[in-house]
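Student: Pasting a structure here, questions to come.
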Amino acid sequence: MKIISKIISIFLICTLFVGCSKNQQQLDSTQTKENDKVSFLLDWTPNTNHTGIYVAIEKGFYNEVGIDLEVLNPPEESTTALVAAGKADFGVSFQDTMGMAINENDNFPIVAVATIIQHNTSGILSLKEKGIDSFKNLEGKIYATWDNALEQATIKQVMENEGGDFEKVELYHSSVTDAVSAIQTNVDAVWVYEAWDTMMAKVSGVDYNFIKFKDVEPALDFYTPVIVSSEKYLAENEDIAKRFLQATKKGYEYAIENPEESAKILYKYVPEYDLNMLIESQKYLANEYKAEVSQWGYIDKERWNNFYNWAYEKGLITKDLTDKGFTNDYLPQ
């Protein structure tokens with residue numbers, strides 16, 4: 001009986017030891033499990049359109065959902081084409097750029113999975129002394145154009161809506177990189193985004209006028225910029241895509257609630273910019289990331305289609321792109 005008791009005791013000890021070892025192995029496995037690596041390709045140098053990404057990195061939001069995010073600077077090639085080709089998992093693009101690509105290739109595998117900003121904040125910047133407080137007043141003025149068909153069709157549309165004549169605009173063929181400096185030379189008007197160049201003008205003390213396209217033509221309230229991925233990546237990595245957007249949403253919502261702190265986080269990555277300008281830009285965008293919608297990143301189907309319908313009517317695209325190139329399926333609720 002003593003021998004049997006000893007055998008049973010040894011068996012129980014071994015069972016307990018094995019059980020503990022298995023539990024420890026499972027714990028070690030959980031602790032050492034690596035995050036999923038995800039790449040994100042910017043469209044331009046880091047700016048306040050991208051703040052939510054950098055906030056999410058800085059605050060550990062990606063790590064919380066098991067993602068190791070690598071932010072890539074844009075090369076000479078189009079971010080849209082590179083993401084579609086699988087050279088990056090996600091990236092920043094624009095509805096108009098996507099439309100042109102899809103129009104050229106029915107099977108172009110690009111999908112917008114979230115919008116960064118709810119509305120098109122672009123328009124025309126000019127010195128106040130030039131008197132361009134309406135698009136009609138572009139008549140007789142010098143406008144810097146980058147010779148893009150969609151760009152010029154946009155200017156023509158908003159001018160016609162206000163009774164103006166695009167043919168009376170003097171086109172200055174140049175890709176302006178510093179709009180605030182440009183409008184203080186021989187150029188009267190430049191296409192800009194309010195969150196960036198107008199904030200630069202404001203901080204610089206420049207007395208300016210700024211008029212938005214969407215305020216004159218609703219069809220021009222397209223989505224710019226948007227976060228895109230490829231159809232292949234989304235099909236193969238649904239869970240990762242959803243976790244990526246969950247953390248990204250958290251980053252942008254933090255930027256909405258804490259614009260000044262978020263601007264300072266971005267400044268760590270681009271110290272060459274003026275911090276005061278970044279703060280002003282961030283305060284402005286805090287009201288634009290979600291605007292009137294309750295869900296960050298949400299893309300309205302009707303508004304998405306309105307822009308493509310307008311582009312089709314103007315002959316800028318030759319195919320019906322209704323419902324093409326976007327989804328809300330990966331957004332967190």
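The values are calculated or read from the model by the stated rules, or taken from the named source; none is laboratory data. This one's a predicted model, so the numbers in the text were calculated from it and none came from an experiment. Cβ coordinates were reconstructed from backbone atoms using ideal geometry, including for glycine residues, and neighbour counts include every protein chain displayed.
Student: Return only the number of the condition from (1) part of a helix (DSSP H, G or I); (2) at pLDDT 95 or above that GLN25 does not satisfy.
Tutor: Of (1) part of a helix (DSSP H, G or I); (2) at pLDDT 95 or above, only one is false for GLN25: (2).
Residue-by-condition table, conditions (1) modelled with pLDDT of 95 or more; (2) exposed (fewer than 15 other Cβ atoms within 10 Å of the Cβ); (3) within 16 Å of PRO225 (Cα to Cα):
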{"residue": "LEU41", "(1), (2), (3)": "yes, no, yes"}
{"residue": "THR45", "(1), (2), (3)": "no, yes, yes"}
{"residue": "GLU58", "(1), (2), (3)": "yes, no, no"}
{"residue": "ILE67", "(1), (2), (3)": "yes, no, no"}
{"residue": "GLU70", "(1), (2), (3)": "yes, yes, no"}
{"residue": "VAL83", "(1), (2), (3)": "yes, no, yes"}
{"residue": "LYS87", "(1), (2), (3)": "yes, no, no"}
{"residue": "PHE94", "(1), (2), (3)": "yes, no, yes"}
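Student: Does TYR273 meet the test of being more than 21 Å from SER93 (Cβ to Cβ) and either among the acidic types (Asp, Glu) or in contact with a helix residue (DSSP H, G or I) (Cβ under 6 Å, 6 or more places away or on another chain) (or both)? So that I can check it myself, show each step before the final result.
Tutor: Numbers: more than 21 Å from SER93 (Cβ to Cβ): yes; either among the acidic types (Asp, Glu) or in contact with a helix residue (DSSP H, G or I) (Cβ under 6 Å, 6 or more places away or on another chain) (or both): no.
When the stated conditions are applied, TYR273 does not pass them.
Student: Further question on the same structure: Being in contact (Cβ under 8 Å) with a residue 60 or more places away in the chain and in a helix (DSSP H, G or I) is the filter here; which residues of region 143-192 pass it?
Tutor: Filtering region 143-192 for residues in contact (Cβ under 8 Å) with a residue 60 or more places away in the chain gives 149-150, 153-154, 157-158, 188-192.
Selection gives ALA149, LEU150, ALA153, THR154, GLN157, VAL158.
Student: Related question: Is it the case that VAL206 is modelled with pLDDT of 95 or more, under 26 Å from the mean Cα position of the chain (by Cα) and part of a loop (DSSP other than H, G, I, E, B)? Please lay out each step first, then the result.
Tutor: Working: modelled with pLDDT of 95 or more: yes; under 26 Å from the mean Cα position of the chain (by Cα): no; part of a loop (DSSP other than H, G, I, E, B): yes.
No.
Student: SER262: among the small types (Gly, Ala, Ser) and either free of Cβ contacts under 8 Å to residues at least 60 places away in the same chain or under 12 Å from VAL203 (Cβ atoms) (or both), yes or no?
Tutor: Values: among the small types (Gly, Ala, Ser): yes; either free of Cβ contacts under 8 Å to residues at least 60 places away in the same chain or under 12 Å from VAL203 (Cβ atoms) (or both): no.
No; evaluated as a whole, the condition is false for this residue.
Student: Can you pull out the residues in region 79-116 that are over 27 Å from ILE265 (Cα atoms) and of a type in the set (Ser, Thr, Tyr)?
Tutor: Answer for region 79-116, where residues must be over 27 Å from ILE265 (Cα atoms) and of a type in the set (Ser, Thr, Tyr): just THR97.
Student: Being touching a strand residue (DSSP E or B) at 6+ places or on another chain (Cβ under 6 Å), on the phi < 0 side of the Ramachandran plot and not assigned by TED's automatic domain parsing to the domain that holds LEU127 narrows it down to one residue among ILE265, ILE211, ILE256, ILE240; which is it?
Tutor: Values: ILE265 fails: touching a strand residue (DSSP E or B) at 6+ places or on another chain (Cβ under 6 Å); ILE211 fails: not assigned by TED's automatic domain parsing to the domain that holds LEU127; ILE256 fails: touching a strand residue (DSSP E or B) at 6+ places or on another chain (Cβ under 6 Å).
Unique residue meeting the criteria: ILE240.
Student: Let me ask something additional. Whether any residue in region 307-324 is within 17 Å of the chain's Cα centre (by Cα) and within 24 Å of ALA195 (Cα to Cα) is what I want to check. Quick ask: steps written out before the conclusion?
Tutor: Residues of region 307-324 within 17 Å of the chain's Cα centre (by Cα): none.
No, region 307-324 contains no residue that is within 17 Å of the chain's Cα centre (by Cα) and within 24 Å of ALA195 (Cα to Cα).
Student: While we're on this one: Somewhere in region 102-118, is a residue β-branched (Val, Ile, Thr), assigned by TED's automatic domain parsing to the domain that holds LYS250 and part of a helix (DSSP H, G or I)?
Tutor: Yes, region 102-118 contains at least one residue that is β-branched (Val, Ile, Thr), assigned by TED's automatic domain parsing to the domain that holds LYS250 and part of a helix (DSSP H, G or I).
Student: Given (1) farther than 18 Å from LYS242 by Cβ; (2) touching a strand residue (DSSP E or B) at 6+ places or on another chain (Cβ under 9 Å); (3) of a type in the set (Gly, Ala, Ser), identify the lone condition not met by GLY60.
Tutor: The number of the failed condition is (2).
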